[in-house]
1. The chain: D in µm²/s via Stokes-Einstein (Kirkwood Rh, Cα pairs, 20 °C, 1.002 mPa s)?
2. For the chain, what is the relative contact order in percent, using Cα pairs closer than 8 Å and at least 6 residues apart in sequence?
3. Given points 7 Å out from each Cα along the Cα-Cβ axis, report the residue 70 to residue 98 separation in nanometres with one decimal.
4. Amide H neighbours of residue 26 under 5 Å, at least 5 residues apart or on other chains, H built in the peptide plane: list them.
5. For segment 98-104, take each phi angle, set θ = phi - 60°, evaluate the Karplus expression 6.51 cos²θ - 1.76 cosθ + 1.60, and give the result in whole Hz per residue in order, putting x for glycine and proline.
6. So which trypsin sites (Lys or Arg not before Pro) in segment 7-67 pass both tests, a DSSP loop state and at most 12 other Cβ atoms within 10 Å of the Cβ?
7. Need one number: nm distance between label points at residue 44 and residue 7, each 7 Å from Cα along Cα→Cβ, rounded to one decimal.
8. Antiparallel DSSP bridges in the chain: what percent, to the nearest 5?
Amino acid sequence: MARVLINIPREIHAGETITIRTLIQHGMESGYRPGADGNVVPRDILRRFTARFDDEPVFAAEFSPAIAANPFLSFTMVVAASGTLTLRWEGDNGFDQTETRRIAVA
């Protein structure tokens, strides 16, 4: 499992637009760089990120080999009621990580 940081505002009111910030540790290898032995290092990148709130999609991103290592993402969403935020990263070589956080509306 990769280390993930997720930042959600502490106090949220119904109907408020909030900003979600997240960072995942992933080395990223473009598949174009030669290794120490002169052979190309195999590609290993994150390909897709999705965010769902109570099973409804709120944000998605597709990545390419140009994505930086340890990608940081920030997106906004409107929160009408309390629910569960599910964040999912998918990548090469079977990488698949999902994190969930409960969002409580005051």
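1. Estimated via Stokes-Einstein, D reaches 142 µm²/s.
2. This gives 31 percent for the chain.
3. 2.7 nm
4. 70
5. Using θ = phi - 60°, the values come out as 10, 10, 10, 9, 7, 10, 9 Hz.
6. Passing sites in segment 7-67 are 10.
7. Placing both labels 7 Å along Cα→Cβ, they lie 2.8 nm apart.
8. Details: 35 of 36 bridges.
Here the share of antiparallel DSSP bridges comes out near 95 percent.
Values in this text are rule-based calculations from the coordinates and carry no lab data. Only a predicted model underlies this, so the values are computations on that prediction, with no experimental measurement involved. Positions of Cβ are generated from backbone atoms using ideal geometry, with glycine treated the same way; all protein chains shown enter the neighbour counts.
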